[in-house]
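Input: a single structure, listed below in structure tokens.
No lab work stands behind these numbers, since they all come straight from the coordinates. Keep in mind that what you see is a predicted model, and the values were worked out from it rather than measured. Note that we place each Cβ from the backbone using ideal geometry, even for glycine, and neighbour counts take in every protein chain shown.
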Amino acid sequence: MKFTFNLMAKQIMSLEPGNLETEQLKKEYVSFMKGVVSAPLNLPGTAYRKALKSRKTILKFIEKKMEERSKRNQEGKKVLEENDLLNWVLKHSNLSNEQILDLILSLLFAGHETSCVAISLAIYFLPSCPRAIKQLRVVNETLRLGNVVRFLHRKAIKDVQYKGYDIPCGWKVLPVISAVHLDPSNFDQPQHFNPWRWQVIKFYL
């Protein structure tokens, strides 16, 4: 859920994951979602009542973003978030502010909830289809060659000797993962994208 929400918030309004405003919006969104699937009882303390309150908070947040963008666009200032959906709608659509608010909230809901559920169901059903799991090993090759995480930050908690090198306690160590992924001694033609290499069971250590 966290991944898909952050993805949609980034694409729609250029909200950075982990930022205070993103986390506050996420909190209100979770409250809103719990109320959507609850009994529609507008009584104090119910999930539905909390959802209505959260919906108002979310719409105010979106409206504030719209006002900030519109003001900068009118003043001719460069908008850093020019490529996100909100800015595109403000520039190129004939929708009213009320319609834009509804659109952004609907897309945030649809894009997050459907993606989250679809990913969860795929994980649930995949074990029953080994052939599909083999085909999905293309993800392994993507991560190997693309090197999403190129290195890690680690700290030696004691004196270590490794392959003739002395690493004193307290020293920072940065293991370079891409060096392993692109090492010819570990992978044949390491610069070549070959998802089928993972269909042969072999451990690269």
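Tell me which trypsin sites (Lys or Arg not before Pro) from region 157-186 have a DSSP coil assignment and no more than 12 other beta carbons within 10 Å of their own. Walk me through the numbers on the way to the answer.
Details: sites: 158, 163, 172; in loops: 158, 163.
Those that pass, being in a loop and sparsely packed, are 158, 163.
Within straight cross-link reach of residue 134, meaning Cα distance under 25 Å, which lysines are found once same-chain residues fewer than 8 apart are removed?
Cross-link targets: 202.
Test of understanding: what is the full-extension gain from residue 185 to residue 137, defined as 0.36 nm times their sequence separation minus their Cα-Cα distance? Please report the intermediate quantities before stating the final value.
Details: separation 48, 0.36 × 48 = 17.28 nm, distance 2.08 nm.
So the chain would gain 15.2 nm between residue 185 and residue 137.
Take each complete run of DSSP H in the chain, measure how far its Cα atoms stretch along the helix's own axis, and keep only those covering 20 Å or more with mean Kyte-Doolittle hydropathy at least -1.0; list them. Show your work: numbers first, answer last.
Numbers: long enough: 20-36 (24 Å, -0.48); 47-74 (40 Å, -1.48); 97-125 (41 Å, 1.14).
Span-like helices in the chain: 20-36, 97-125.
Fully extended, how many nm does the chain gain between residue 174 and residue 63 (0.36 nm per residue separation, minus their Cα-Cα distance)?
Residue separation times 0.36 nm, minus the Cα-Cα distance, leaves 35.6 nm.
Just how many % of Cα pairs in the chain lie over 22 Å apart, if you round to the nearest whole percent? Provide the component values of the computation, followed by the final result.
Details: 14122 of 20910 pairs.
Percent of Cα pairs beyond 22 Å in the chain: 68.
With n ≥ 4 as the cut-off for DSSP H runs, can you work out [θ] at 222 nm for the chain, using -39500 (n - 2.57) per run divided by the number of residues, rounded to the nearest 500? Don't jump to the answer; show the numbers that get you there.
Numbers: 8 runs with 114 residues, N = 205.
That calculation yields -18000 deg cm²/dmol at 222 nm.
Label-point separation (nm) for residue 74 and residue 49, each offset 7 Å from Cα along Cα-to-Cβ?
Once both label points are built, they end up 3.9 nm from each other.
In nm, to one decimal, how far is the modelled label at residue 200 from the one at residue 155, with both set 7 Å along Cα→Cβ?
4.3
Cross-link list 26/65; 10/34; 56/91; 60/91: which exceed 18 angstrom alpha carbon to alpha carbon?
10/34; 56/91; 60/91
Compute, for the chain, the length of the dipole vector about the Cα centre, with Cβ point charges of +1 (Lys, Arg) and -1 (Asp, Glu) only. Units Debye, rounded to 20. Could you put the intermediate results ahead of the total?
Values: 31 positive and 19 negative charges, 88 e Å.
Here the chain has a charge dipole of around 420 debye.
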